[in-house]
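Okay, so here's the structure we're looking at.
FYI, it's all coordinate maths here, none of it is from the lab. Note that this is a predicted model, so its numbers are computed, not measured. Every residue, glycine as well, gets a Cβ built from its backbone with ideal geometry; the counts of neighbours run over all protein chains shown.
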Amino acid sequence: MIKRLLVVGLGSIGRRHARVARTVLPGLEIVALRHRVSGAPSCEEVDRSVSSIAEAIACKPQAAIVANPASYHVEVALPLANAGVHLLVEKPISDHAEGVSGLIDICAQKSVTLMIGYNMRFLSSLRRFRELIADRPVGRVLSVRAEVGQYLPSWRPGSDYRSSVSARSALGGGVLLELSHEIDYLRWLFGDVEWVSARLFRQSSLEIDVEDTAYLTLGFACGADPQAITGSLNLDFVRHDSTRSCTVICEEGTLRWDAVAARVESFERGATEWRVHSSEVAHRDDSYGAEWEHFLACIESGAPPTVSGADGLATLRVVEAAKEVSMTGAVVSIGRAEGGAGARGGVE
């Protein structure tokens, strides 16, 4: 039984994890590792605070939630893993792949549970969607279209988006890392990503130094299926009508998941309307609660978590590949249609 939890980072996500963990484990003692303790505002979710990793380890926590900026995840997680502390690392596992394999290896050597905080896998609506895809009610999957968008300044009301992790490259911001939930759940639904094509943009007037929009095309491993699945994924910080959805085009119809409405639907060949398979009132903490219960069960049983360190690294490699191909990929210039002989094509 976990009696003492370390929370690394007390931003909005760190406080949420602390609150949810205490709900799942009443009586839990929560210690926070904060950059500055002196003069820092009090936080009702924690019992006491420390300011160094050495102090944190001296408190002898059995588990930790690593919820500081992604650029510091591995740096903090490594000494905790070496001390035998079970780890729930918020997504993404890091802002770059260097050092991640070493963390995974240390956790294996020390029999430390390492789970990555892609909590969307614990949404009941997404789980129902996964079951529906596996059941093939409208035949074999042909292609996938997923999108997520929400205006960044509306993410955390009352705080300045310009100073947030999401807005700053040095802290692991940008849509690819901040919204990498989509890459993780698509891997969970359709298998490993074999190839990536991508374009990244900073389209808006938001005061950020990262991409606010990304367009990806993903090729998934076909496994036993002789025909591979291709998916398109759009992510942005600029959309004012918040959306998160996935549409699966199949041989005999279409499957659709609306995360905002927590609804799963299908449309069969010849139908005149969508068939609703599930629709619910979702509460934001529900998936975090299920995530924590699973994390604790894995610690107790020694079973591998649903979202492993290897999963976190695989998603990060897709992010890095998308960034690389966006910078180096050739662009085919078609040229203008008008002008007859004046129109020309080429490769940039």
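What percent do you get for the relative contact order of the chain when only Cα pairs under 8 Å and 6+ apart count? Display every interim value, and only then the final one.
Details: 688 pairs, mean separation 60.6, N = 348.
Taking the mean separation of contacting Cα pairs over the length of the chain, I get 17 percent.
Taking neighbour Cβ counts within 10 Å as the exposure measure, how do K91, K60, K323 sort from fewest upward?
The order, fewest Cβ neighbours first, is K60, K323, K91.
With a 10 Å Cβ neighbour count serving as the proxy for reagent exposure, in which order, fewest first, do V260, V7 appear?
With the fewest neighbours first, V260, V7 line up as V260, V7.
Charges at C-beta only: +1 for Lys and Arg, -1 for Asp and Glu. How large is the resulting dipole of the chain about its Cα centre, in Debye rounded to 20?
440 debye
Within 11 Å, Cβ to Cβ, of T247, how many net charges do the neighbouring residues add up to if Lys/Arg are +1 and Asp/Glu are -1?
On the way: positive: R145, R256; negative: E147, D258, E265.
Result for the neighbourhood of T247: -1.
Using a 7 Å offset from the Cα along the Cα-to-Cβ direction at both R145 and E293, what is the distance between the two label points in nm, to one decimal?
3.6 nm
GNM on the chain, C-alpha springs below 10 Å: top fluctuator among R284, R34, R168?
R284
Which residues does the label zone of H240 cover in the range 139-168, counting backbone N under 15 Å from a point 7 Å along Cα→Cβ?
Only 150-155 pass the distance filter.
Could you give the length gained on full extension between S163 and A303, defined as 0.36 nm per residue of separation minus the Cα-Cα distance, in nm?
46.6 nm
Provide the gained length on full extension for the span T23 to T230, in nm with one decimal, where the gain is 0.36 nm per separating residue minus the Cα-Cα distance.
Result: 70.5 nm gained on full extension.
Computed FRET efficiency, Cβ-Cβ of A58 and D192, R0 51 Å: what is it to the nearest 0.05?
0.80
For labels at Q203 and R269 in the simple 7 Å Cα→Cβ model, what's the distance in nm?
Between Q203 and R269, the simple spin-label model gives 3.5 nm.
Could you work out how far the C-alpha centroid of the range 153-185 sits from that of the range 274-319, in angstrom?
So the separation of the two Cα centres works out to 20 Å.
For the range 124-281, give the magnitude of the charge dipole about the Cα centre (Cβ charges: +1 Lys/Arg, -1 Asp/Glu; no others), in debye to the nearest 20. Write down the numbers at each step before the final one.
Numbers: 18 positive and 23 negative charges, 22 e Å.
For the range 124-281, the charge dipole is close to 100 debye.
Give me the percent of DSSP beta bridges within the chain that run antiparallel, rounded to the nearest 5.
60 percent
In the chain, if the dipole is taken from +1 on Lys/Arg beta carbons and -1 on Asp/Glu beta carbons about the Cα centre, which of A97, S278, A167 is farthest to the positive end?
With unit charges placed on the Cβ atoms, the residue in question is A167.
If you compute Rg and Dmax of the Cα atoms in Å for the structure shown, which of [x] 26.2, 95; [y] 21.7, 78; [z] 19.7, 70 do you land on?
[y]
Could you work out the local net charge near G99, counting Lys and Arg as +1, Asp and Glu as -1, over the other residues with Cβ closer than 13 Å to its Cβ?
Around G99, the surrounding residues sum to -4.
Summing Lys, Arg as +1 and Asp, Glu as -1, what charge do residues with Cβ under 11 Å from the Cβ of E29 carry, E29 excluded?
+4
Starting from 0.36 nm per residue, how many nanometres of slack lie between R284 and R4 once their C-alpha separation is accounted for?
98.3 nm
Which angle between 0 and 90 degrees, to the nearest 10, do you get for helix 12-24 versus the longest principal axis of the chain when only C-alpha atoms count?
Around 60 degrees separate the two axes.
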